[in-house]
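**Student:** Would you mind keeping the following structure in view while I ask a few things?
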Amino acid sequence: MAINGIIVTNINHATGKYLLQTEEFLNKSKLIKDLNLTAVNNPHVLSYLKTNKVDFCLFWDKDIYLARTIEAMGIKVFNNPEAIYLCDDKALTAYALEKENIRQPRFFVFPLHFYGNIIEHYEEYKENLLSLNFPMVIKERFGSFGEQVYLAKNENELKDIIESHGTKPLMAQEFIGTNRGQDYRINVVGNEVISSVLRTNDHDFRSNINQGGKAEDVSVNDEVKALAIAATKAIKGHFAGVDIMFKGQTPVVLEVNSNMRTVAVNKVSKSDLTLKILEYIINTL
């Protein structure tokens, strides 16, 4: 019996690296017998579902309302909409990890504000913020590919970064300098680590491939694997790309990505992450 699924993509993600990711899933789906996967941009999903029966939705977008609407229709959604919700906001990710006692850098979430500039209230929150010490990582709570991530080496730089963001939600994170510009992307599917990639950037503190980082397939120990799996469970994910660094000799979780990019991983990995995700979905139905 045929299995029919859709991969939901954002209306703005029809070119470049986004299109490559969609094509990756579509091409690999052809390797699975009786699987029919169709790409649908998010504005057209609900009308598509009115006339087409699908068994699952591979949700490669961050429209939480749409993901939960699809789920409410009785269609299984991958990744879990709750995981997408928790990972889309880096502050919610940090709190989810903290709730499950997952090791991570110390962090500070800036107060939510609705107008003006949060720098105007700097004196009210600076004590907790400065307890992270310098250098300090500042992140927009919503962002991908290492973009919207900044390093403040002193208080003047910190204030400049804050002021430049107006009302955008921000969080700060302790800078882990053990191996600057280097981290591990641990790709988890279900309860299994599928691949481990060491990312290194000699020119930037951000190791992301999109920021000039280089990747290589590596082996990691059981402690790192267990930490990545625990982080995936903490955000309620079916799968996740977990970014890990070492603080001294101790691995800590930097971020958890609910919609990890499989194309770059597959270029260096011995395992096919795209295919593993599709196979997991089929086996879970």
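The values are calculated or read from the model by the stated rules, or taken from the named source; none is laboratory data. Being a predicted model, the structure only gives us computed values, none of them experimental. Cβ atoms come from the backbone with ideal geometry, glycine included; neighbour counts cover every protein chain shown.
**Student:** Among N201, N191, N187, N156, which is the only one that is assigned by TED's automatic domain parsing to the domain that holds E100, surrounded by fewer than 19 Cβ atoms within 10 Å (Cβ to Cβ) and not β-branched (V, I, T)?
**Tutor:** One residue alone meets the criteria, N191.
**Student:** Moving on. Check region 9-28 and report whether any residue there is of a type in the set (A, V, I, L, M, F, W, C), closer than 16 Å to I277 by Cα and surrounded by fewer than 17 Cβ atoms within 10 Å (Cβ to Cβ).
**Tutor:** yes
**Student:** Find the residue count for region 109-132, including only residues that are more than 20 Å from E255 (Cα to Cα) and assigned to a loop (DSSP other than H, G, I, E, B).
**Tutor:** Total satisfying the criteria: 8.
**Student:** I need the helices (runs of 4 or more DSSP H) fully contained in region 1-82, keeping only those with at least 1 residues that are among the acidic types (D, E) and in contact with a Pro (Cβ under 6 Å, 6 or more places away or on another chain).
**Tutor:** 64-72
**Student:** Kindly provide the set of residues from region 99-121 that are exposed (fewer than 14 other Cβ atoms within 10 Å of the Cβ) and over 23 Å from L158 (Cβ atoms), ordered by number.
**Tutor:** Of everything in region 99-121, those that are exposed (fewer than 14 other Cβ atoms within 10 Å of the Cβ) and over 23 Å from L158 (Cβ atoms) turn out to be K99, E100, N101.
**Student:** Hey, does region 100-114 have a residue that's without any contact (Cβ under 8 Å) to a residue 24 or more places away in the chain, under 16 Å from N259 (Cα atoms) and not polar (S, T, N, Q)?
**Tutor:** Taking every residue of region 100-114 in turn, none turns out to be without any contact (Cβ under 8 Å) to a residue 24 or more places away in the chain, under 16 Å from N259 (Cα atoms) and not polar (S, T, N, Q).
**Student:** Go through L58, L31 for me and flag whichever is surrounded by fewer than 13 Cβ atoms within 10 Å (Cβ to Cβ), within 24 Å of G241 (Cβ to Cβ), out of contact with any Ser or Thr (no Cβ under 8 Å at 6 or more places or on another chain) and modelled with pLDDT of 95 or more.
**Tutor:** Answer to the check: L31.
**Student:** Give me the residue from region 11-50 that is polar (S, T, N, Q) and within 15 Å of N259 (Cβ to Cβ) and, out of that set, nearest to the chain's Cα centre (by Cα).
**Tutor:** Among residues in region 11-50 that are polar (S, T, N, Q) and within 15 Å of N259 (Cβ to Cβ), the one nearest to the chain's Cα centre (by Cα) is Q21.
**Student:** Turning to a different aspect of this structure: Tell me the helices (runs of 4 or more DSSP H) entirely within region 208-285 that contain at least 2 residues that are modelled with pLDDT of 95 or more and more than 14 Å from the chain's Cα centre (by Cα).
**Tutor:** 222-234, 273-284
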